[in-house]
Structure formats: structure tokens, C-alpha cells
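Read through the structure below, which is laid out as C-alpha cells, and then see the notes.
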Amino acid sequence: MANYNILTEVPPISKQDSFVVFERRKSNFNFPIHIHSEYELNYIIGARGARRIVGDHVADIGDREMVLITGSNLEHAWMDGNLAPGAEIYEVTIQFSPELFQGSGLIDRKQFAPIKKMLQDAQHGIAFSEKTILQSESGIHQLINSTDNFNSILIFLSLLNQHEVGRIDRIRRHVTRIERRNALRLVLVERFAVDERGRLLRQRTGGEQSRREERQYELIEVFHLLRKLSGGFNNAAGC
């Protein structure tokens with residue numbers, strides 16, 4: 001089977017950093033599907049029709065997009081998809097170390113319980129509604145423009161808390177957990193089935209195989225492949 005590699009990104013977060021913020025203005029998406037161990041909050045405006053890929057979930061996005069990803073090495077990317085030509089995209093990415101919210105410390109205190117739960121729920125990704133995004137935009141701009149390190153931490157924590165408060169109040173209306181679908185893995189299964197069928201048929205002797213026999217091989221191979229891979233599918237319930 002071919003090796004379908006996924007890029008491993010190494011975010012520039014040092015041991016002295018609590019988080020890093022990237023601000024971009026662009027007209028398209030060109031960063032490939034990738035993974036990293038850091039947590040990420042991604043905010044995008046002006047990219048209606050672009051395609052979001054998170055794990056096995058694939059969907060087109062609207063005018064405003066905000067996604068939180070805390071799953072270790074969860075594949076994700078944004079692609080052009082049905083993005084209109086000449087789009088004016090504004091993107092802010094906040095990446096932060098999982099170490100900030102691990103171990104016994106502030107995160108285990110009751111005041112931080114909502115944030116802790118949200119970070120746990122975001123292991124498969126959380127996509128926030130436009131209403132929640134609008135409520136968060138001022139905090140994002142404050143964080144970008146802040147020149148005081150301590151104040152930046154307060155803004156960052158307030159931003160996370162604001163997301164979780166909105167989620168607790170109206171979880172079904174304002175936040176949707178990204179449902180993990182099998183789109184990407186099924187593509188790989190399909191490619192593998194085609195390659196494997198060709199290999200098996202070439203090994204057979206006796207001349208040309210009938211279409212009926214080829215079809216039987218296809219069904220048998222796909223059946224066995226799905227049985228092998230079914231244990232790896234992770235279908236999260238929607239919120």
C-alpha cells in the first residue's frame with residue numbers, strides 16, 4: 001500500500017511561552033493536512049465555501065469560523081474547496097502547550113472545571129457557532145494587540161472561559177462538536193482495495209478473469225479491510 005504521509009508541524013512554542021498567536025491575511029489556503037501535539041484555537045473570517053478537515057470530518061465553512069482542537073496528533077487542515085476567487089481571508093491561530101492544563105494545579109480547581117471539560121471535549125474538535133464567535137472577537141483582537149505578558153494570560157484565559165460559558169448555556173444552538181466521519185479513512189481503504197485486487201488478480205493463473213470474478217474479489221477484499229479497520233474508527237457523538 002502506498003504511504004500517504006501527513007505533515008508533522010512543529011509550532012514555535014518555547015518552554016518559556018504560554019502560547020503563540022499568528023495573524024494572517026491571505027486569499028487562499030495552502031497548508032496541507034497536518035498534525036501537532038499542541039492545542040489550537042483557529043479563527044477565520046471571509047472564507048465562506050472553504051473546506052474544513054478535522055480527523056475524519058469534512059465540511060464547508062461559513063463567513064465566520066472558530067475551531068478548538070486539543071486531540072493529540074489529530075489531523076486537520078483548511079482547504080480552498082468552494083472558496084470564491086479573490087477572497088479576502090483573515091485568520092488568527094492561537095497555539096498553546098497541553099502542559100498548561102495538565103497535572104495537579106489550577107486546572108483541577110473548581111473555578112477551572114468548565115475550561116477543563118471543554119478542553120477534554122475538544123479532543124475530536126469543537127466548532128463554535130457564529131453567535132459565539134461574534135462574542136469572542138473582541139477578546140481575540142485584545143490578545144493580538146496586548147503588549148503586557150501578564151495581561152495577555154488573563155485575556156487568554158477569559159477567552160477560553162467565554163467559549164465554555166456560551167457552550168454550557170446553549171450547547172446545541174451555539175456549539176457543535178465536530179462529528180468524526182470516515183471520509184478520509186474510506187478514501188485510503190478504497191485505494192488499498194484497488195491496489196490489492198490488482199495484485200491478487202495478477203497472481204492468479206489461467207488467463208483473463210471474468211468481470212463477475214473480479215467483482216467477487218472486490219467485495220471480499222473490501223469486507224476484510226473494513227473488518228480490520230473498524231476498530232480504528234472513532235465516531236464521536238454530536239453535541
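Every listed requirement among (1) crowded, with 16+ Cβ neighbours inside 10 Å; (2) more than 24 Å from residue 118 (Cα to Cα) is met by residue 38 save one, (2). Residues that are in contact with a helix residue (DSSP H, G or I) (Cβ under 9 Å, 6 or more places away or on another chain), over 17 Å from residue 35 (Cβ atoms) and modelled with pLDDT under 90 occur at least once in the stretch 82-103. Whether any residue in the stretch 145-158 is surrounded by fewer than 14 Cβ atoms within 10 Å (Cβ to Cβ) and not in a helix (DSSP H, G or I) is what I want to check. The answer is yes; a qualifying residue exists.
crowded, with 17+ Cβ neighbours inside 10 Å, farther than 16 Å from residue 49 by Cβ, of a type outside the set (S, T, N, Q) and in contact with a His (Cβ under 9 Å, 6 or more places away or on another chain), is that true of residue 74?
Working: crowded, with 17+ Cβ neighbours inside 10 Å: yes; farther than 16 Å from residue 49 by Cβ: yes; of a type outside the set (S, T, N, Q): yes; in contact with a His (Cβ under 9 Å, 6 or more places away or on another chain): yes.
Taking the combined requirement at face value, the residue satisfies it.
Return a yes/no flag: does the stretch 128-141 have any residue that is at pLDDT below 90, closer than 19 Å to residue 90 by Cα, touching a helix residue (DSSP H, G or I) at 6+ places or on another chain (Cβ under 7 Å) and surrounded by fewer than 16 Cβ atoms within 10 Å (Cβ to Cβ). Yes, that holds for at least one residue.
Answer yes or no as to whether residue 47 is surrounded by 19 or more Cβ atoms within 10 Å (Cβ to Cβ) and assigned to a loop (DSSP other than H, G, I, E, B). Judged against the criteria, residue 47 is a match. When 85, 98 are checked against the criterion of being in contact (Cβ under 8 Å) with a residue 12 or more places away in the chain and either more than 24 Å from residue 13 (Cβ to Cβ) or of a type outside the set (A, V, I, L, M) (or both), 98 stands alone in meeting it. For residue 62, the conditions (1) in contact with an Asp or Glu (Cβ under 7 Å, 6 or more places away or on another chain); (2) over 23 Å from residue 83 (Cα atoms); (3) touching a residue at least 60 places away in the same chain (Cβ under 8 Å) all hold with the exception of (2).
Residues in the stretch 83-117 that are hydrophobic (A, V, I, L, M, F, W, C), assigned to a helix (DSSP H, G or I) and surrounded by fewer than 16 Cβ atoms within 10 Å (Cβ to Cβ): 106, 107, 113.
The values are calculated or read from the model by the stated rules, or taken from the named source; none is laboratory data. Here the structure is a predicted model, which is why all the values come from computation and not from measurement. Every residue, glycine among them, receives a Cβ derived from its backbone with ideal geometry; neighbour counts consider all protein chains shown.
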